[in-house]
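Quick notes on the structure that follows.
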Amino acid sequence: MKLAIIGDFRKENATHRATNAAIGHSMDQLNSGMAADWIATSGIIHRFDEIAADYQGFLISPGSPYDSMEGVLKIIRYGRENNIPVLGTCGGFQHMVIEFARNVLEIGDAEHAETNPSASNLIINPLQCSLVGQSLDILITAKSSIAYALYRRETVTESYYCNFGLNPEYQSAVHDRGFQVVASDANGEARILELEEHPFFVGTLFVPQTRSTVEAPHPLVTGFLRAVLGMHH
């Protein structure tokens, strides 16, 4: 079994270092030696068939804008349509939303304010207040969700590194078509999305990797790796 971390690794990026560490913590907990490889986004399009064949799960990393947004969206769509486990955090969450908006909601020009701020359909837009460096409470509203099964509690505290989120104007449309808001902030804005009837297609606006420790691997990361390994939650 092999896991692909989709993103442009930069060792100075704390969330990238935390991603490697968190995967290690969860693999140790699961007693798994599964390989985890960073896949640079610029190489995805011309290596797509090889990547799709080689990897059993995709972690869409923090740290956008990516070198190739097109490549990232292609991987996300492949995972969504073929029941391949996908976990997207921060920038990963944002691009999972854009892929869903373009290919399920059929908003062909759905865009991200970070990369195309003047676009008419900004599915991902600036948050009213930057969340960079903040730790905030999140309410898990869907008791039937994967998130609730993994956290086993209603309120969790997580850390953010982003300035962008799901545009509230599109939140109900995304939810109603099956990419469901299962956890939100105090204002009801989406913080965890899950695709219904998919084994593991979860996006978090926060970065769970940064709160993982050797003693307490993060439950979302562990749950994702369980799904990649074909284990039940």
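Looking at 99, 106, just one residue is closer than 30 Å to residue 228 by Cα, of a type outside the set (A, V, I, L, M, F, W, C) and part of a loop (DSSP other than H, G, I, E, B), and that residue is 106. Only residues that are among the hydrophobic types (A, V, I, L, M, F, W, C), touching a Ser or Thr at 6+ places or on another chain (Cβ under 7 Å) and touching a residue at least 40 places away in the same chain (Cβ under 8 Å) were counted in the stretch 181-193, giving 3.
One residue alone among 196, 169, 154, 158 is free of Cβ contacts under 8 Å to residues at least 60 places away in the same chain, more than 12 Å from the chain's Cα centre (by Cα) and closer than 16 Å to residue 133 by Cα, and that residue is 158. The set of residues in the stretch 65-95 that are under 12 Å from the mean Cα position of the chain (by Cα), outside any helix (DSSP H, G or I) and under 26 Å from residue 132 (Cα atoms) comprises 86, 87, 88, 89, 90.
Somewhere in the stretch 209-216, is a residue free of Cβ contacts under 8 Å to residues at least 60 places away in the same chain, assigned to a helix (DSSP H, G or I) and not small (Gly, Ala, Ser)? Yes, there is a match, as at least one residue in the stretch 209-216 is free of Cβ contacts under 8 Å to residues at least 60 places away in the same chain, assigned to a helix (DSSP H, G or I) and not small (Gly, Ala, Ser).
Of all the residues in the stretch 4-63, those that are at pLDDT below 95 and β-branched (Val, Ile, Thr) number 0. Would you call residue 46 free of Cβ contacts under 8 Å to residues at least 24 places away in the same chain and either touching a Leu at 6+ places or on another chain (Cβ under 8 Å) or more than 19 Å from residue 90 (Cα to Cα) (or both)? For residue 46, the condition - free of Cβ contacts under 8 Å to residues at least 24 places away in the same chain and either touching a Leu at 6+ places or on another chain (Cβ under 8 Å) or more than 19 Å from residue 90 (Cα to Cα) (or both) - is met.
Results for (1) within 19 Å of residue 13 (Cβ to Cβ); (2) crowded, with 21+ Cβ neighbours inside 10 Å; (3) in contact (Cβ under 8 Å) with a residue 60 or more places away in the chain, shown as yes or no for each residue.
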position: 64; (1), (2), (3): yes, yes, no
position: 75; (1), (2), (3): no, yes, yes
position: 83; (1), (2), (3): no, no, yes
position: 105; (1), (2), (3): no, no, yes
position: 111; (1), (2), (3): no, yes, no
position: 118; (1), (2), (3): no, no, no
position: 126; (1), (2), (3): no, no, no
position: 144; (1), (2), (3): no, no, no
position: 148; (1), (2), (3): no, no, no
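Residues are listed down the side, and each one gets a yes or a no for (1) of a type outside the set (Asp, Glu); (2) modelled with pLDDT of 95 or more:
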site: 87; (1), (2): yes, yes
site: 99; (1), (2): no, yes
site: 133; (1), (2): yes, no
site: 148; (1), (2): yes, yes
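Being out of contact with any Lys or Arg (no Cβ under 6 Å at 6 or more places or on another chain), among the acidic types (Asp, Glu) and farther than 19 Å from residue 23 by Cα is a property that residue 185 lacks. Residues that are of a type outside the set (Asp, Glu), within 24 Å of residue 73 (Cα to Cα) and out of contact with any Ser or Thr (no Cβ under 6 Å at 6 or more places or on another chain) within the stretch 25-43 comprise 35, 36, 38, 39, 40, 43, listed in sequence order.
The values are calculated or read from the model by the stated rules, or taken from the named source; none is laboratory data. Keep in mind it's a predicted model, so treat the numbers as computed, not measured. Counting neighbours? That spans all protein chains shown, and the Cβs are built from the backbone with ideal geometry, glycine included.
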